[in-house]
Amino acid sequence: MPNTCARCGSSKIIPGVPLWDHIGDFGVRASPSRVEVHGDPDAFVMKDTAFGELSVNICGECGHAELVASDAPALWEKYEKSRS
Ligand SMILES: [Zn+2]
């Protein structure tokens, strides 16, 4: 968890704000934004994918927003596999 803002140095950090992905003009359906890293990106169907949900750490002084992905070790593992 961050203690200070990377841009202005303030300690007014709002940690872990969910980043919602709204579907449609009225935002009726929403789901957490997420990233995907494929262990086998060239596969036609089974790409051996790891998912990470995104959250945001927001500075309450300057508004700097920093994205954080969950399950980073699993994402890294798939990335390493894709390079071998
Ligand atoms: Zn700041």
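At a glance:
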read-out	value
Matching residues, the stretch 1-29, being part of a loop (DSSP other than H, G, I, E, B), away from the ligand (no atom under 13 Å from the Cβ) and at pLDDT below 90	Met1, Gly24, Asp25, Phe26, Gly27, Val28
Pairs where the first residue, in the stretch 3-16, is without any contact (Cβ under 8 Å) to a residue 40 or more places away in the chain and within 13 Å of Ala65 (Cα to Cα) and the second is near the ligand (Cβ under 7 Å from one of its atoms) and not in a loop (DSSP other than H, G, I, E, B), C-beta under 9 Å, 6+ apart	Thr4/Cys59
The stretch 36-84: number of residues that are under 17 Å from Leu19 (Cβ atoms) and modelled with pLDDT under 95	0
When residues of the stretch 48-57 are limited to those that are out of contact with any Lys or Arg (no Cβ under 9 Å at 6 or more places or on another chain) and not hydroxyl-bearing (Ser, Thr, Tyr), the one surrounded by the fewest Cβ atoms within 10 Å (Cβ to Cβ)	Val56
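Yes/no per residue for (1) in contact with a His (Cβ under 6 Å, 6 or more places away or on another chain); (2) of a type in the set (Lys, Arg); (3) within 16 Å of the ligand (Cβ to nearest atom); (4) outside any strand (DSSP E or B):
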| site | (1), (2), (3), (4) |
| --- | --- |
| Ser31 | no, no, no, no |
| Val37 | no, no, no, no |
| Ala43 | no, no, no, yes |
| Met46 | no, no, no, yes |
| Gly52 | no, no, no, no |
| Asn57 | no, no, yes, no |
| Glu61 | no, no, yes, yes |
| Leu67 | no, no, yes, no |
| Ala74 | no, no, no, yes |
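The values are calculated or read from the model by the stated rules, or taken from the named source; none is laboratory data. Everything quoted here is computed from the prediction, not taken from an experiment. Quick reminder, even Gly has a Cβ in these numbers, built from the backbone with ideal geometry, and neighbours come from all protein chains shown.
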